[in-house]
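Remarks on the structure that follows.
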Amino acid sequence: MGEILRIHGGYRLEGEVSVSGGKNAAAAIIPAAMLALGPCTVENLPDNEDSHVYMEMLRWLGAKVEMGKGVMHIDATTVDRCNPPAELASKMRASYYLVPVLLGLLGRAEVPMPGGCNIGARPIDQTIKGMTSLGAQVRQERGMIIAEAGELVGSDVYLDMPSVGATVNTMLTAVMARGNTVIYNAAKEPHVVDLANFLGSLGASVKGAGTDIIRIRGGRPLHGSSYAIIPDQIETGTLMIAAAATCGDVTITGAIPPHMEALSAKLLEMGVHISEDDDRIRVRANGKLRAVSVKTQAYPGFPTDLQQPMTALLSIASGTSVVNERIFESRFRYVDELLRMGADISMIDSRTAIVNGVEKLTGARITATDLRAGAAMVVAGLIADGVTDIDNFHYIQRGYENLDEKLRSLGAHVERIRVP
Ligand code: EPZ
């Protein structure tokens, strides 16, 4: 049995909704918690599929892990296995964050090549460069990443691009290495900063996260801590886009408005009203929205993870928008689904979409081709006339906690239906 998401479109979203903890922050912080020499409590944990997969994987490795509502308790002092099983590791991209962790704890890691969304090639050369610079021997063999190290020693690491994964993996290696590591051209995403703050709460010395240069003094013993994960930037953005798409009036609570600058600027340009408080963002739209051009970039640029829901919104904006994907090579697979709903989108190459705004979309049976494609399908379904059935709802559940419930609480007509 699987599940589809059925949306009766055309209802305006209205009211207040709170955002969950960050998926990609949790993805880095849960393995980082294994480095502590005592129990850690991770709060504001999103209840999504990735968190459950992590729990199973950590238990398999020998850690004691308990999960409650919005919280995970991790005691990894008993970890004695270095090889998480492929059927779990392949379910998510972040499983390769276990490589530096197991390397630091046990001197060896055998981790299956990471899974995650099918959005084009996702090389790991920068991660390998970071770890080898610090003294690890890393090789890829039989679909596995095999890493070994005697002693890890801090070093300068220059990343060719500000890769989130390589920055996280190098940080996790560096806190376990003797001496100083400097990461140049580091990723600046909010979840990288959150990981640095979490490592700081364990007693690590990590400075400069959120800038291009991160300095780590490694080799300190790390103690347990309690730490609350930041709110999810991409869930916040998805809800903002859904509010705008339905000409709604939605206040998103528990958010961090500065993380949303790139999206807010685009929505303002489209004619959406946005007001912000400390941790609240109110999004109001009425009437026709204007087309805009969007180019995805590393933070603080427009996030690639919001490109898909944004394109669904642009499909009904008045005029022609150009959407250019600069981060991943194949992140427009979902466009075919939007075309089935009546959107007018043409691809001029694999990274650039020309979106001619149409009056309306029409409900159809469509498929979520990956997590954020699923978010685009949801936005399209909320806008469309009639009924939209979205297959592969499990992709959406990978990254959004109770999205259907949250949308219902705002007045959307959304239901999950079990299908053979
Ligand atoms: C992280 O992926 C996120 N995943 C992605 O979120 C997000 O889209 C991406 O960062 C960009 O913000 C997690 O945090 C678990 P990268 P990651 O390394 O780390 C190239 C979602 O929907 N590159 O920053 O894999 C790479 O090909 C997911 O929540 C290399 O060439 O992204 C890409 O073009 C999807 N060599 C660019 O850098 C490398 O060694 C950025 O990738 C590493 C990356």
Taking only the alpha-carbon atoms of region 275-333, the convex hull volume per residue, in cubic angstrom, is 100 Å³
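Report relative contact order for region 280-420 in percent, whole number only (criteria: Cα-Cα under 8 Å, sequence separation at least 6). Working shown, then result.
Numbers: 250 pairs, mean separation 27.8, N = 141.
It rounds to 20 percent for region 280-420.
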Expressed as a whole-number percentage, the relative contact order of the chain with C-alpha contacts under 8 angstrom and at least six residues apart is 21 percent
Computed over the chain, the distribution of all Cα-Cα distances in 10 Å bins, rounded to whole %, is 5, 23, 32, 24, 13, 3, 0
Once the dipole of region 83-223 is set up from charges on Cβ (+1 Lys and Arg, -1 Asp and Glu), the residue from the list Gly219, Val99, Gly203 lying farthest towards its positive end is Gly203
log10 I(q)/I(0) for region 56-159, Debye formula on C-alpha points only (no solvent), q = 0.15, 0.24 Å⁻¹, two decimals, reads -0.66, -1.31
Note to self, the chain gives a 222 nm [θ] from helices alone (DSSP H runs n ≥ 4, -39500 (n - 2.57) apiece, / all residues, nearest 500) of -9000 deg cm²/dmol
Length-normalised contact order of region 23-228, Cα under 8 Å, at least 6 apart, in percent, tallies to 20 percent
One point scatterer per Cα, no solvent, Debye formula: log10 I(q)/I(0) for region 237-284 at q = 0.19, 0.21, 0.31, 0.33 Å⁻¹ comes out as -0.48, -0.59, -1.34, -1.48
Under the 7 Å Cα-to-Cβ spin-label approximation, Asn180 and Arg416 lie apart by a distance in nanometres of 5.0 nm
In Å, the C-alpha Rg and Dmax of region 1-126 are 16.8, 56
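Kindly identify region 282-394 as rounded, prolate or oblate by the Cα gyration tensor criterion: order the square roots of the eigenvalues as a ≥ b ≥ c, call it rounded if a/c is under 1.5, otherwise compare a/b with b/c, prolate if a/b is larger, else oblate.
Values: a/c = 1.44, a/b = 1.15, b/c = 1.25.
Note, shape of region 282-394 comes out rounded.
Based on DSSP, what percent of beta bridges with both residues in the chain are antiparallel, to the nearest 5? Don't skip to the end; give the middle numbers.
On the way: 58 of 79 bridges.
Among the beta bridges of the chain, antiparallel pairing accounts for roughly 75 percent.
Under the √(5λ) rule applied to the eigenvalues of the Cα gyration tensor, what semi-axes describe the equivalent ellipsoid of region 23-228? Give them in Å, descending.
Numbers: eigenvalues 95, 75, 58 Å².
Whole-Å semi-axes of the equivalent ellipsoid: 22, 19, 17.
Just so you know, all these numbers are worked out from the coordinates, no wet-lab data involved. All values derive from a computational prediction rather than experimental measurement. FYI the Cβ positions are ideal-geometry reconstructions off the backbone, even for glycines, and counts take in every protein chain you see.
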